[in-house]
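The values are calculated or read from the model by the stated rules, or taken from the named source; none is laboratory data. Because the structure is predicted, anything quoted here is derived from the model rather than measured. So basically every Cβ, Gly included, is an ideal-geometry build from the backbone, and we count neighbours across all protein chains shown. Heavy atoms of the whole protein, side chains included, go into the accessibility calculation; ligands, DNA and RNA do not. Shrake-Rupley method; radii C 1.70, N 1.55, O 1.52, S 1.80 Å.
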Amino acid sequence: IMYILIDKGKVRSECVITVENGNTVEIKNIATYPEDQGKGYAKHLINFIAKKYQNKYQILQVGTGDSPLTIPFYEKCGFKRSGKIKDFFVKNYDHPIFEAGHQLVDMIYLSKRLN
Ligand SMILES: CC(C)(COP(=O)(O)OP(=O)(O)OC[C@H]1O[C@@H](n2cnc3c(N)ncnc32)[C@H](O)[C@@H]1OP(=O)(O)O)[C@@H](O)C(=O)NCCC(=O)NCCS
């Protein structure tokens with residue numbers, strides 16, 4: 001299911017939520033328009049999602065590269081590192097991927113309890 005956050009008539013952030021199993025939902029592809037970043041929109045969207053799913057699921061998780069642009073954001077939203085898939089970005093792409101000058105290697109999972 002895709003969610004969009006609209007403020008003052010404009011879409012600011014979006015994400016997709018998938019059901020992974022009977023306990024866990026996962027955030028995919030969360031993004032805020034570049035000009036709207038740093039204003040709390042994505043955090044607000046995550047809080048909305050956490051409330052919406054808290055009665056049916058126990059864990060909200062997300063997988064991301066080991067990047068200074070994303071890990072601190074999720075930690076600010078209350079997520080804690082919960083695991084990783086080693087070499088994910090090296091094995092699944094035919095070229096190296098860099099974010100903020102930092103090569104992405106492992107897929108890092110972070111999770112947050114919903115209740
Ligand atoms: C990651 C992203 C979704 C964050 O969205 P945003 O709307 O700018 O985030 P918010 O304004 O809600 O930030 C929430 C908190 O995280 C902090 N934060 C956000 N990005 C950060 C960063 N790179 N480093 C440190 N803190 C960060 C904010 O300062 C804020 O802190 P506060 O609660 O103390 O005020 C946005 O930067 C984005 O769209 N990036 C490109 C797409 C992407 O990488 N998506 C992630 C896929 S895994």
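Could you say which residue among GLY63, GLY78 is in contact with a strand residue (DSSP E or B) (Cβ under 7 Å, 6 or more places away or on another chain), on the phi > 0 side of the Ramachandran plot, within 13 Å of the ligand (Cβ to nearest atom) and open to solvent by less than 90 Å² (accessible area, probe 1.4 Å)?
Only one candidate passes the filter, namely GLY78.
Keeping to the range 44-60, report how many residues are more than 24 Å from ASP106 (Cα to Cα) and within 14 Å of the ligand (Cβ to nearest atom).
6
Picking from LYS56, LYS112, LYS39, which residue would you name as being outside any loop (DSSP other than H, G, I, E, B) and not small (Gly, Ala, Ser)?
On inspection, the qualifying residue turns out to be LYS112.
Kindly indicate the residue of the range 43-56 that is open to solvent by less than 30 Å² (accessible area, probe 1.4 Å) and in contact (Cβ under 8 Å) with a residue 40 or more places away in the chain and also farthest from the chain's Cα centre (by Cα) among those meeting that condition.
My answer is TYR53.
Being part of a loop (DSSP other than H, G, I, E, B), open to solvent by 50 Å² or more (accessible area, probe 1.4 Å) and either within 13 Å of the ligand (Cβ to nearest atom) or of a type in the set (A, V, I, L, M) (or both), is that true of even one residue in the range 8-16?
no
Only one of these conditions is not met by LYS112: (1) within 13 Å of the ligand (Cβ to nearest atom); (2) open to solvent by less than 60 Å² (accessible area, probe 1.4 Å). Which number is it?
Going through the list (1) within 13 Å of the ligand (Cβ to nearest atom); (2) open to solvent by less than 60 Å² (accessible area, probe 1.4 Å), LYS112 breaks only (1).
Tell me which residues, restricted to the range 17-42, are crowded, with 16+ Cβ neighbours inside 10 Å, out of contact with any Cys (no Cβ under 9 Å at 6 or more places or on another chain) and under 15 Å from LEU60 (Cβ atoms).
Across the range 17-42, the qualifying residues are ILE17, THR24, VAL25, GLU26.
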